[in-house]
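None of the figures in this text is laboratory data; all of them are computed from the coordinates on show. Just so we're clear, the structure is a prediction, and the values are computed from it rather than from any experiment.
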Amino acid sequence: MANIKEIEINDDFITLGQFLKIADLISSGGEAKHFLMENSVLINKEEDTRRGRKLHKGDIVEIGSEVYKIC
C-alpha cells in the first residue's frame with residue numbers, strides 16, 4: 001500500500017483546487033484546470049475533475065501513485 005500523506009485543513013472543507021496548491025502539485029490556482037485535464041484524480045475512489053469539488057476531513061485523494069488524506 002502507498003504511503004499516505006496527510007494534508008491538514010483548518011476549515012470544514014477545501015476545494016480540490018486549493019488542495020492541489022497545498023500539496024505542492026501546482027503553483028497557482030490558475031493551473032488547476034490544466035492539471036485536472038491532464039491527470040487522473042480519484043477522490044474516495046471516484047474520478048473527479050472539478051476544481052471546485054469540496055474536500056472534507058477524512059477524504060482520500062489519489063493522484064498517480066500518491067495518496068493523500070484530508071485531516
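Report for region 4-70 the percent antiparallel among DSSP-assigned beta bridges with both residues inside it, nearest 5.
That works out to approximately 75 percent antiparallel.
How much length is gained if the chain between Ile4 and Arg50 is pulled fully straight, taking 0.36 nm per residue apart and subtracting their Cα-Cα distance, in nm to one decimal?
Net length gain for the segment: 14.3 nm.
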